């Protein structure tokens, strides 16, 4: 009935290697090398990434407070109403 899927064509001069799924490690060196590498990368980029976030947070909170303050009525304008 023809060729099987995966063996439809013949490729020459290409070498492929594979490892059995039973021999693979799911998370090799995850805690010994992975976590320290993440911490090192965070430490290297925090001074570049944090200032814009802090600035925009301060700008947002100031803008929200100013908006809420401007929506309030002035109580001194209504003191003499009866």
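So for region 22-30 (the condition being surrounded by 10 or more Cβ atoms within 10 Å (Cβ to Cβ), within 21 Å of the chain's Cα centre (by Cα) and free of Cβ contacts under 8 Å to residues at least 12 places away in the same chain), does at least one residue qualify?
Yes, that holds for at least one residue.
One line per residue, one yes/no per condition, for (1) in a loop (DSSP other than H, G, I, E, B); (2) in contact with a strand residue (DSSP E or B) (Cβ under 6 Å, 6 or more places away or on another chain); (3) surrounded by 10 or more Cβ atoms within 10 Å (Cβ to Cβ):
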site	(1), (2), (3)
36	no, no, yes
48	no, no, no
55	no, no, yes
59	no, no, yes
80	yes, no, no
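Every residue, every condition in (1) more than 30 Å from residue 6 (Cα to Cα); (2) at pLDDT 95 or above, yes or no:
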{"residue": "20", "(1), (2)": "no, no"}
{"residue": "27", "(1), (2)": "no, no"}
{"residue": "30", "(1), (2)": "yes, no"}
{"residue": "34", "(1), (2)": "yes, no"}
{"residue": "55", "(1), (2)": "yes, yes"}
{"residue": "69", "(1), (2)": "yes, no"}
{"residue": "74", "(1), (2)": "yes, no"}
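Give me the pairs, please: first residue somewhere in region 51-72 and at positive phi, second residue anywhere and exposed (fewer than 10 other Cβ atoms within 10 Å of the Cβ), beta-carbon distance under 7 Å, and either six or more positions apart or on two chains.
none
The values are calculated or read from the model by the stated rules, or taken from the named source; none is laboratory data. Please read these numbers as outputs of a predicted model, since none were measured by experiment. All Cβ positions, even for glycine, are placed from backbone atoms using ideal geometry, and neighbour counts span all protein chains on display.
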